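The values are calculated or read from the model by the stated rules, or taken from the named source; none is laboratory data. Note that the structure is predicted; figures quoted are calculated from it, not measured. Glycine gets a Cβ as well: all are built from the backbone with ideal geometry, and neighbour counts include every protein chain shown.
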Amino acid sequence: MSPGPLGRQKLHELVVDALTARLRAAAGARLPSETQLAQELGVSRATVREALRILEAQGMVRRRHGVGSFVSPRGFVEAGIERLESFSETIARAGYRPSAELLSLSETSVPEEVAAALQAPSPLGFEAQTLYRADGAPILFSVVYVPLGIVRSLQELEGRRHWTSMREFFNQELRRPVRYARLAVLAVAAPEGVAGHLALEPGAPVLVMEGVSYGDDDDPLMFTRAYFRTDKYRFTLVRR
């Protein structure tokens, strides 16, 4: 990490990002003291302390009173529930090499509960199935439904193959940025097809995150249902 003061906007978040780059290559190492980090980054000790608290909540740092802060050994991919980012970005931020394999794109009848959540006037839509890996190991499988009208044809959806995530496809190719998402996290038994993709036994416990992503003017853009391996991925929430 290059020394030098950071900008003044959302300082503790900038410190979190700066320290994350260091943590990826230093599993188990002891971090400099809060005073040293504050001097290096050009911020106050209070800002460094808040950043370390967030990193500890995300499982990336272990703090021992009177001893110091240490980089946690790599294990889980930690996802802050409040953070809007692609799955590949989350995997990379945890220090792993992400990959996303687009398994299928198809025109389909959207499940009734999904059509209702998307406020879709027609049950017709499109489905994209993607398998995400961390350092080559399967970690999550996602199914995304897009209503007819948001995407006009399967040929248009084929543009998704050029991007690492559906969110990036919406932001960059369709020019319809994802502004926010309303999601729920559930614990379920893995259906047989999902278990096969994730190299699990059918019925093994998995976490499911599902819900709608919205664009400008609160327009529903897509419904995501993602299945996560519980031994490799976990969600965190920073409460204030």
Can you tell me which residues in region 85-112 are of a type in the set (Val, Ile, Thr) and crowded, with 18+ Cβ neighbours inside 10 Å? 90, 91, 110
Being more than 18 Å from residue 194 (Cα to Cα) and of a type in the set (Phe, Trp, Tyr) is the filter here; which residues of region 105-142 pass it? 126
Inside region 108-128, can you point out the residues that are within 14 Å of residue 223 (Cα to Cα), of a type in the set (Gly, Ala, Ser) and in contact (Cβ under 8 Å) with a residue 12 or more places away in the chain? 109, 115, 117, 120, 125, 128
Can you tell me which residue in region 143-157 is surrounded by the most Cβ atoms within 10 Å (Cβ to Cβ), limited to those that are farther than 14 Å from residue 212 by Cβ and touching a strand residue (DSSP E or B) at 6+ places or on another chain (Cβ under 6 Å)? 151
Pick from region 227-240 the residues that are part of a strand (DSSP E or B) and in contact with a helix residue (DSSP H, G or I) (Cβ under 7 Å, 6 or more places away or on another chain): which of them is farthest from residue 125 (Cα to Cα)? 236
So is residue 131 within 28 Å of residue 236 (Cβ to Cβ) and either in contact with a Leu (Cβ under 6 Å, 6 or more places away or on another chain) or touching a residue at least 12 places away in the same chain (Cβ under 8 Å) (or both) or not? yes
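Given the residues 38, 51, 27, 18, which is the only one that is at pLDDT below 85, crowded, with 17+ Cβ neighbours inside 10 Å and not β-branched (Val, Ile, Thr)? Explain how you work it out, then say what you get.
Numbers: 38 fails: at pLDDT below 85; 51 fails: at pLDDT below 85; 27 fails: crowded, with 17+ Cβ neighbours inside 10 Å.
After applying the criteria, what remains is 18.
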Select, from 199, 181, 128, the only residue that is hydrophobic (A, V, I, L, M, F, W, C) and assigned to a loop (DSSP other than H, G, I, E, B). 199
Residue by residue through region 117-142, note down the ones that are aliphatic (A, V, I, L, M), surrounded by fewer than 19 Cβ atoms within 10 Å (Cβ to Cβ) and farther than 16 Å from residue 226 by Cβ. 124, 137
